[in-house]
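Below is one structure, written out as structure tokens, with a few remarks after it.
None of the figures in this text is laboratory data; all of them are computed from the coordinates on show. The shown structure was predicted, so the numbers you read here are calculated from the model rather than taken from an experiment. Quick reminder, even Gly has a Cβ in these numbers, built from the backbone with ideal geometry, and neighbours come from all protein chains shown.
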Amino acid sequence: MQPGTAGDCKSLAVPGGPGVVVVVPTPGTPTIDVVTAIAAGLADGCAVIVSMPAESVLTGRQIGDVLAEAGVPEGLVSVLCSTRSVSRYLQTHQDIDHVVVVGADTSRPTSLVA
């Protein structure tokens, strides 16, 4: 760990980042909610996997295109369209550190520690 100081604020950098986040939007989730969850994961220093509902292929493609255009390094965010069973598998996988569920059924993004 490397302590740092910026004015009166102190920061602490942890090598390797805190892990991997899976973002799980429910069908019909506004794109801005998905993007907000991705941004929060990246801001925390995590790699992000977005498990879009199968019926949201175009939205998933648009998010991927925007991330690539913005210069997000390849592999840092993975966007895939998946079935519920694949999404559940990702949520319970031992290498996943956090799960964020966003969508019409939730009032705000909810973080669940896996």
Next item on the list: Could you pull out every residue, at least 5 positions away or on a different chain, whose amide H is within less than 5 Å of the one on V23? Hs are placed 1.01 Å off N in the peptide plane, and Pro or chain starts have none.
Entry: I49, V50, S51, V100
Check: Roughly what would the spin-label model give for T83 and D95, points 7 Å off Cα along C-beta, in nm?
Finding: 2.2 nm
Item checked: Under-5 Å amide H pairs with S82, H placed in peptide plane, nonlocal only -> M52, A54
Check: Given H placed on each backbone N at 1.01 Å, which residues far from T29 in sequence or on other chains put an amide H within less than 5 Å of it?
Finding: A104
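For D44 and V66 in the same chain, what is the full-extension length gain: residue separation times 0.36 nm, less their Cα-Cα distance, in nm?
Working: separation 22, 0.36 × 22 = 7.92 nm, distance 1.99 nm.
Computed gain between D44 and V66 is 5.9 nm.
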Notebook entry, point to check: By how many nm would the segment from L58 to I32 lengthen if fully extended, with 0.36 nm per residue of separation less the alpha-carbon distance?
Noted result: 7.9 nm
Margin query: Output wanted: per-residue J couplings in Hz (rounded whole) for the stretch 83-96, from phi through Karplus 6.51 cos²θ - 1.76 cosθ + 1.60, θ = phi - 60°, x for Gly and Pro.
Written below: 7, 4, 5, 5, 4, 4, 4, 4, 5, 9, 5, 5, 8, 8
Item checked: Karplus-derived 3J(HN,Hα), 6.51/-1.76/1.60, for each residue of the stretch 51-63, Hz, glycine and proline x -> 9, 6, x, 4, 7, 10, 4, 5, 5, x, 5, 5, 4
